[in-house]
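I have placed the structure first, in the form of structure tokens, so that the comments after it can refer back to it.
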Amino acid sequence: MLNEKIKQLLNDQVNKEMYSAYLYLDFSGFFASKSLSGFAAWYRKQASEEMEHAFKIYDYIHANGEAVELLAINKPNVSLTDEMQVLKEGLKHEQYVTSLIHNIYKVAMEEKDYRTMQFMDWFIKEQCEEEENAEELIGKYERFGKDTASLYELNKELGKRD
Ligand code: MG
């Protein structure tokens, strides 16, 4: 059994992670349309990682004897204009997700739900990596994005993400 507040937050988080997958799939399509197939592959991989996050929380809710209510997934609401703007939106989104994860941890702490606190540890670490990855992409694009030869190489490198 889960505390009602925690259950609600985790249930919402399943939806937010699936929304993240939607958003990154949108990013992937944007980069594909710009002939940057490596960037597109990177974000497609990111989208499937987000689905894994959703499944992880889904499984946790079930493991605690609760049902998941699947909510409608919003249409990605970020307008995609140029490469750098999209990369920055990615960072902004991850910072937002971090705030959601931290809030779940905070409420779990208030409710003395030690099990959920331990479960959320993984996500706290993961968010640190997600923000780092997003910042790294921005840094690399800033450094190498203006020169076509180096952009070609960067695109190739990102395409190798497994
Ligand atoms: Mg995630």
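The values are calculated or read from the model by the stated rules, or taken from the named source; none is laboratory data. Just so you know, these numbers come straight off a predicted model, no measurement behind them. Using ideal geometry, Cβ is built from the backbone for each residue, glycine included, and neighbour counts are taken over all protein chains shown. Remember, those area values only see protein heavy atoms, side chains included, never the ligands or the DNA or RNA. Shrake-Rupley method; radii C 1.70, N 1.55, O 1.52, S 1.80 Å.
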All-but-one check, Ser79 against (1) at pLDDT 95 or above; (2) out of contact with any Ser or Thr (no Cβ under 7 Å at 6 or more places or on another chain), failing number (1)
Return the pairs, sorted by first residue and then second, in which the second residue is near the ligand (Cβ under 9 Å from one of its atoms), the first residue lies in segment 42-55 and is farther than 17 Å from Phe123 by Cβ, the beta carbons are less than 7 Å apart, and the residues are 6+ apart or on different chains. Ala47/Ala21
Filter segment 115-129 down to residues that are within 13 Å of Asn64 (Cβ to Cβ) and either open to solvent by 100 Å² or more (accessible area, probe 1.4 Å) or of a type in the set (D, E, K, R) (or both), then give me how many there are. 2
Here is a check on your reading of the model: is Ile6 in contact with a Ser or Thr (Cβ under 9 Å, 6 or more places away or on another chain) and away from the ligand (no atom under 16 Å from the Cβ)? yes
Might you check whether a residue that is under 30 Å from Lys156 (Cα atoms), more than 13 Å from the chain's Cα centre (by Cα) and not in a helix (DSSP H, G or I) occurs anywhere in segment 20-34? yes
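So, in segment 103-114, how many residues would count as being open to solvent by 20 Å² or more (accessible area, probe 1.4 Å) and touching a residue at least 24 places away in the same chain (Cβ under 8 Å)?
Step one: of segment 103-114, the residues open to solvent by 20 Å² or more (accessible area, probe 1.4 Å) are 103, 105-106, 109-114.
Applying the additional criterion that residues be touching a residue at least 24 places away in the same chain (Cβ under 8 Å) yields 103, 111, 113.
Selection size over segment 103-114: 3.
Across segment 79-88, which residue is nearest to the ligand (Cβ to nearest atom) among those that are open to solvent by 30 Å² or more (accessible area, probe 1.4 Å) and touching a residue at least 40 places away in the same chain (Cβ under 8 Å)?
Result: Lys88.
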Cross-chain or 6+ apart pairs with Cβ under 9 Å, segment 11-40 first and open to solvent by 30 Å² or more (accessible area, probe 1.4 Å), then hydroxyl-bearing (Ser, Thr, Tyr) and part of a helix (DSSP H, G or I): Lys16/Tyr96; Leu25/Tyr43; Asp26/Tyr43; Gly29/Tyr43
